[in-house]
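Heads up: the structure comes next, in structure tokens.
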């Protein structure tokens, strides 16, 4: 009997253990990605100055989580430093006498811990829906997801925000039985999501409507019971919203109890419905100004790259196609099967899984930046739970394909180790071919400077290097002494031409001419191509 009780937690520990190993291994091998120095520098600024100043376009919570790791280091910022948020991170990591590798690991570890905790939320959400076997299926899909492993090992905001959204709807599901306990917890989780990324705002109306489905907190009796119960449910939903708002305020107060913030002079109110909506937000002024900054981003035009084609602007179908490319085939099939099962066998659960996933995906598809599936990292979380409901079919033969597909996901994930960021499934040529279909945080986010430095020293010692790198790292720190080929006449560029694949994807003019007249001979980390010229 004891053995039967132990095997289940043992499997859970093994699944999360392999995920932790994959994330830590990935983290220690990667240089800072493009966004990380901004968040790490801002987190250190919170520790040193206790003020919201840098990176106001993103709320502080995930950066406070990052700061819990930095608190155990000796890192400090120069109080006299005055620079933008991009230079702040570079200053902290490379110019202030700190060890970048140690700081990045300290910053990434708290996010990894949070990612593992969200795995438990996936497990218990699925158990609540369909039983203990469903929990293991959901956790397996979560723990082997290349996207979650890749971004869960980085000091960024994407996984924390998505994870808090997941917990919000899990708490709302549980509130259907115990509203007094779980409605307040849903409010806290929703507030945590809002305090992590503003892209979670579209989840608010969905969450508040679902809060109405929870029973009234107070038992109602009498002839007008239904009307009173409805009123109490409305009050319960309002309570969830108020707790969420209070959570956001608390996060800002933790950073700066005096709430010192001055609206930048260059930031103007857009007016119209957007301006009115921002003005009505019952949130700190720095939060509202951050929303306005995000609106400014959305008004800009960015470069994109999909299926081998570079373009300007954004494509409405970019995120669904990118998700198809970067999700294991077995996972896609289980998502489809689980979605059908939810709709047929447990349709009420669709309101807590498929509706929020669909709403957030639809809003994300309107964005102006076609940069990666990290913007919809909530999909492999929520759909892992949905996929687990295949156990509700209660037919013996369903276990065979379900188990086989889970195993297929695990094998696909393990085979890409430790290159999770550039992963793509076999239908699109696998990890080594991702750079031909996607760019930026889907494949090359500046993460491979350590590998590049070691590779050049071992395979091409003493050879001249011409480097076109897109990222936030400092190549010279990793022993890479490369000249910029875009600053000299093309005829002078001879030797090794090393180019980040995100730059290759969008190459134009001089860079395109250099690439077209060179021969690809090698690659590093599936994110950097080496040419002979």
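What order do you get for 146-157, 238-249 when each peptide is scored by the mean count of other beta carbon atoms within 10 Å, highest first?
The most tightly packed comes first, giving 146-157, 238-249.
For the chain, find the longest principal axis of its Cα atoms and tell me its angle to the long axis of helix 396-416, 0 to 90°, nearest 10.
Long axis of 396-416 versus the principal axis of the chain: about 30 degrees.
Just to confirm my numbers, what's the Cα centroid distance between the stretch 1-73 and the stretch 233-285 in Å?
Cα centroid of the stretch 1-73 versus Cα centroid of the stretch 233-285: 26 Å apart.
So what's the convex hull volume per residue for the Cα atoms of the stretch 1-118, in Å³?
Per-residue hull volume (Cα only) is 115 Å³.
Listed highest first by mean packing, meaning other Cβ atoms within 10 Å per residue, what order do 484-497, 275-288, 425-438 come in?
Ranking the peptides 484-497, 275-288, 425-438 by packing returns 425-438, 275-288, 484-497.
First measure r as the distance between the Cβ atoms of residue 8 and residue 268, then evaluate 1/(1 + (r/R0)^6) with R0 = 41 Å and state the FRET efficiency to the nearest 0.05.
0.15
Identify which of the listed values of Rg and Dmax of the Cα atoms in Å was calculated from the structure shown: (i) 23.0, 71; (ii) 23.4, 77; (iii) 24.1, 90.
It is the one labelled (iii).
Most exposed first by the Cβ proxy, i.e. fewest other Cβ within 10 Å, how do 94, 371 rank?
94, 371
Output the peptides 330-342, 183-195 sorted from most to least packed, where packing is the average of other Cβ atoms within 10 Å over each peptide's residues.
183-195, 330-342
In degrees between 0 and 90, to the nearest 10, how far off the longest principal axis of the chain does helix 100-130 point, with axes built from Cα atoms?
It is inclined by approximately 30 degrees.
Taking the 0 to 90 degree range and rounding to the nearest ten, how far is the long axis of helix 85-94 tilted relative to the main principal axis of the chain, both from C-alpha atoms?
Helix 85-94 sits roughly 70 degrees off the main axis of the chain.
In nm, to one decimal, how far is the residue 519 label point from the residue 117 one, both placed 7 Å along Cα→Cβ?
5.5
For 518, 31, 476, what's the fewest-to-most ordering of other Cβ within 10 Å of each Cβ?
Arranged by neighbour count, lowest to highest, 518, 31, 476 become 476, 518, 31.
What nm value, rounded to one decimal, do you get for the distance between residue 484 and residue 48 when each label is placed 7 Å out toward the C-beta?
About 2.6 nm, to one decimal.
If each DSSP helix of 4+ residues adds -39,500 (n - 2.57) and the sum is divided by the residues in the chain, what number results at 222 nm, nearest 500 deg cm²/dmol?
Rounded to the nearest 500, it is -18500 deg cm²/dmol.
Among 508, 174, which comes first, then next, by fewest other beta-carbon atoms within 10 Å?
Ascending Cβ contact count within 10 Å gives the list 508, 174.
None of the figures in this text is laboratory data; all of them are computed from the coordinates on show. Predicted model, so just to flag it, every value in this text is computed and none were measured. As a convention, Cβ positions derive from the backbone with ideal geometry for all residues, glycine included, and neighbour counts pool all protein chains shown.
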